[in-house]
Amino acid sequence: MSEPSSPSNKVLGVLSWLWVGVPFTYGVYELAVKIPALFAN
Amino acid sequence: MQSVGFLSRDRIVADVGWSRWLVPPAALSIHLAIGSVYAWSVFKLPLHETLKASGLQSALPFTFGIVILGISAAVFGTAVEKRGPRWAMFVAATCFCSGLCVAAFAAEIGQMWLIIVGYGVIGGIGLGIGYISPVSTLMKWFPDRPGMATGFAIMGFGGGALIASPWSSQLMKWFGTDRQGLAATFLAMGAVYAVFMTVGVLLVRLPPPEWEPAVVRTAAPKSPHAAGPDRTANEAIKTPQFWLLWVVLCFNVTAGIGILERAAPIYRDYFPHAPSKAALTAAAAGFVAMLSLANSLGRIIWSSASDAVGRKNMYRLYLGVGAVGYLVLIVAQNASKPLFLVVCILLLSFYGAGFATVPAYLRDLFGYQEVGAIHGRLLTAWSTAGVLGPVIVNAIADNRIAAGVVGPDRYRWSFAIMVVLLLIALACNELIRTPQPPISVAAETDARKSATVSAVEEG
């Protein structure tokens, strides 16, 4: 029970991590683009 | 006190084949949404310009939100344990999104007090219930790595602001910042978060009774936790360990807020020289962004490390190195920008890690039985720190500014107070011992353990 054992379970796993991972990546990207200004001067 | 039907605990016991790795995304669906409260500052200027709200008034939805978070987590913690994570996530989503809808209506009719009620009070109840909703479930699915499991969820709370800050700014660009534009922004956020959080409600599962992951069954025993039987929330709050940990969390959070609360002004006071005013503003924004990232990543990295190093040792690191870090800021001042940045990154990563590691610390001390409810009661420390931290930093800094002090000296006294608070918290952490069960219970437990050992040896 600890690991996905069926194809549908694996698909659900991928989709659920994408569901939270995509917005989080967007947030990290928006934040990361501001950091270079810190070292510009 | 059982919830019925779709939301009940019985309906969410996992079937054979269900992966425990589906539970962290369920938790993140809730925490990434409610963590948007940390991005509230993007609404302050529009509220000031459109509704003529003062600086204090426009900060109140956030302040109320954090205070109500702690209170509702404490009040509803036992109900969350008894009714289960799906019920808790559903109630959290309902309250949080309803709060945003009330704020939208309030913005439309131009009533600041109703925004405070909607976002701060109704939404704040959702924050508290949502914050603790997945904690005990995650630790039951990951008994071998409770620090990592709760680190995932609580990193999401830090990450929520990373998403909400640019997204809500973009929404206000599309809809405008007049009353209708603010109302549309709050409404869009409420609708999108309702869908986003619903996935968590649908996805969350409880492990079957007596379930253990294969790695625990075959390789190693569960990490040690409370001696004797698990404690209820009411039993836990009568122990000195609970209150020592309350002080540890409260002062660790207060110390983190010491920098977080005035991050941009602190940077400008430490490094005021820049080619232009715009470059200085951009650099200060970059500093704030870097601290947000450190706050979020510290939650998963340090909390995961606690599974190997031990909870008490990690808090020694957060508090001891944190105190040294503030001393470095006082002594070195602005002599070295790289040193300043490294110290601030460490301090903010320890701030986030303090939140993320504490549920596993509670499990070590009091067991699984009501760890979510105990965690809820402990979060009143956060509410206290949410008031204490800004008061210390702002009052002292404002006083120094009024006295004509410039540069890093403006923060010398507030940082010195943070050192003292961290050292007190370090002493409290040293005093924490695993609570011993009553003698009669201990004898019974020893007898059970002996019987188990005999059975294993015979088997």
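The values are calculated or read from the model by the stated rules, or taken from the named source; none is laboratory data. Remember, it's a predicted structure, so these values are computed and weren't measured experimentally. Positions of Cβ are backbone-derived with ideal geometry, glycine not excepted, and every protein chain shown enters the neighbour counts.
Check whether at least one residue in segment B:356-376 is among the β-branched types (Val, Ile, Thr), surrounded by fewer than 23 Cβ atoms within 10 Å (Cβ to Cβ) and on the phi < 0 side of the Ramachandran plot, and report yes or no. Talk me through it step by step, then tell me what you get.
Here is the first cut: in segment B:356-376, the residues among the β-branched types (Val, Ile, Thr) are B:357-358, B:371, B:374.
After this cut, where a residue has to be surrounded by fewer than 23 Cβ atoms within 10 Å (Cβ to Cβ) as well, the list is none.
For segment B:356-376, residues among the β-branched types (Val, Ile, Thr), surrounded by fewer than 23 Cβ atoms within 10 Å (Cβ to Cβ) and on the phi < 0 side of the Ramachandran plot: absent.
Any chance you could count how many residues in segment B:150-173 are more than 11 Å from chain A (Cβ to nearest Cβ) and within 13 Å of B:PRO46 (Cβ to Cβ)?
Filtering segment B:150-173 down to residues more than 11 Å from chain A (Cβ to nearest Cβ) leaves B:150-151, B:154, B:157, B:168, B:171-173.
Subset that is within 13 Å of B:PRO46 (Cβ to Cβ): B:168, B:171-173.
Result for segment B:150-173: 4.
Hand me the list of helices (runs of 4 or more DSSP H) wholly inside segment B:369-433 holding 3 or more residues that are in contact with a Pro (Cβ under 9 Å, 6 or more places away or on another chain). Step through it out loud before you land on a result.
Details: elements: B:371-378, B:380-402, B:412-431.
Here the list reads B:371-378.
Being touching a strand residue (DSSP E or B) at 6+ places or on another chain (Cβ under 8 Å), on the phi > 0 side of the Ramachandran plot and more than 14 Å from chain A (Cβ to nearest Cβ) is the requirement here; does B:GLY110 meet it?
Values: touching a strand residue (DSSP E or B) at 6+ places or on another chain (Cβ under 8 Å): no; on the phi > 0 side of the Ramachandran plot: yes; more than 14 Å from chain A (Cβ to nearest Cβ): yes.
Against the criterion (touching a strand residue (DSSP E or B) at 6+ places or on another chain (Cβ under 8 Å), on the phi > 0 side of the Ramachandran plot and more than 14 Å from chain A (Cβ to nearest Cβ)), B:GLY110 does not qualify.
Six or more apart or on different chains, Cβ under 6 Å: which pairs go from a residue in segment B:24-53 that's within 25 Å of B:TRP113 (Cβ to Cβ) and more than 14 Å from every other protein chain (Cβ to nearest Cβ) to one that's part of a helix (DSSP H, G or I) and among the polar types (S, T, N, Q)? Could you list them?
From segment B:24-53, the pairs are B:LYS44/B:SER58; B:LEU47/B:SER58; B:HIS48/B:SER58.
Restricting the search to segment B:13-43, which residues are surrounded by fewer than 20 Cβ atoms within 10 Å (Cβ to Cβ) and within 23 Å of B:GLY128 (Cβ to Cβ)?
Within segment B:13-43, B:SER41, B:VAL42 meet the criteria.
Give me a count of the residues in segment B:272-292 that are buried (at least 21 other Cβ atoms within 10 Å of the Cβ) and either out of contact with any helix residue (DSSP H, G or I) (no Cβ under 9 Å at 6 or more places or on another chain) or among the hydroxyl-bearing types (Ser, Thr, Tyr) (or both).
Going through segment B:272-292 one residue at a time, the tally reaches 1.
If only one of B:PHE6, B:PHE90, B:PHE96 is in contact with a helix residue (DSSP H, G or I) (Cβ under 9 Å, 6 or more places away or on another chain), of a type in the set (A, V, I, L, M, F, W, C), in contact (Cβ under 8 Å) with a residue 12 or more places away in the chain and under 26 Å from B:GLY352 (Cβ atoms), which one is it? It would help to see each step written out before you state the result.
Numbers: B:PHE6 fails: under 26 Å from B:GLY352 (Cβ atoms); B:PHE90 fails: under 26 Å from B:GLY352 (Cβ atoms).
Just one listed residue meets the conditions, B:PHE96.
Taking the stated definitions as given, is B:ILE71 under 30 Å from B:THR232 (Cβ atoms) and at pLDDT below 90? Give the derivation first.
Details: under 30 Å from B:THR232 (Cβ atoms): yes; at pLDDT below 90: no.
No, not satisfied.
What's the number of the condition A:PRO4 fails, among (1) surrounded by 13 or more Cβ atoms within 10 Å (Cβ to Cβ); (2) at pLDDT 80 or above; (3) not hydrophobic (A, V, I, L, M, F, W, C)?
(2)
Here are B:GLY147, B:GLY124: which of them is away from chain A (no Cβ under 14 Å) and modelled with pLDDT of 95 or more? So that I can check it myself, show each step before the final result.
Details: B:GLY147 fails: modelled with pLDDT of 95 or more.
Answer to the selection: B:GLY124.
Kindly provide the set of residues from segment B:230-270 that are touching a helix residue (DSSP H, G or I) at 6+ places or on another chain (Cβ under 9 Å), more than 12 Å from B:MET418 (Cβ to Cβ) and of a type in the set (D, E, K, R), ordered by number.
Here is the first cut: in segment B:230-270, the ones touching a helix residue (DSSP H, G or I) at 6+ places or on another chain (Cβ under 9 Å) are B:230-237, B:239-270.
Okay, now just the ones that are also more than 12 Å from B:MET418 (Cβ to Cβ), so B:230-237, B:239-250, B:262-270.
Once the filter is applied, which keeps residues that are touching a helix residue (DSSP H, G or I) at 6+ places or on another chain (Cβ under 9 Å), more than 12 Å from B:MET418 (Cβ to Cβ) and of a type in the set (D, E, K, R), segment B:230-270 yields B:ASP230, B:ARG231, B:GLU235, B:ARG262, B:ARG268, B:ASP269.
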